[in-house]
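Each reported figure results from applying straightforward, stated rules to the coordinates on display, with no laboratory input. The model shown is predicted, which means the values in this text are computed figures rather than measured ones. Because the Cβ atoms are built from the backbone with ideal geometry, glycine has one as well, and the counts that use them run over all protein chains shown.
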Amino acid sequence: MHINLTGRHVDVSPGLRSFVMQKLERVARHFDQITNMHVIVSAEKQTHRAEATWHVAGADMFAEASHPDIRGAITVLIDRIDGQVRKHKDKKSDHHRAEVDNHALREKTARQPEESDEPGESEGRMDDDA
């Protein structure tokens, strides 16, 4: 995943960059198919704002958050990104696959010939052993 971090009216220090990278590891654990991400951190009068745009297979996504503290804004942003990524992953997964596999298994077992049901054959074996 390629990450581009930009600061508007904020210096992007190595500590801030490592904080963002550390928080984004959680998103990468849940969904590793994010190709690129652009994170913008900006300072306004009384609040800090963080926004991100990222691309996954089939969609471009966007999230934003604001908070009085810059690290708080980034934390809220990452929580929102994580929620959107999990929702996207859930939409892309095939929930009916297990049902199809179970149905095929039931059909396969129903087609197999059952063991002989003749009553004298199994009872006769028990008498011989006794």
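Structure notes:
- Potential extension, residue 2-residue 44 segment - 0.36 nm per residue separation minus Cα distance: 12.4 nm
- The charge dipole of region 1-90, taken about its Cα centre with unit charges on the Cβ of Lys, Arg, Asp and Glu (plus for the first two, minus for the last two), comes to roughly 120 debye.
- Measuring between alpha carbons in the structure, the pairs from 87/108; 23/45; 45/89; 23/91; 45/87 lying more than 30 angstrom apart are 87/108; 45/89; 45/87.
- Annotation: for a label point projected 7 angstrom from Cα along Cα→Cβ of residue 71, residues of region 17-60 with backbone N closer than 15 Å are 17-24.
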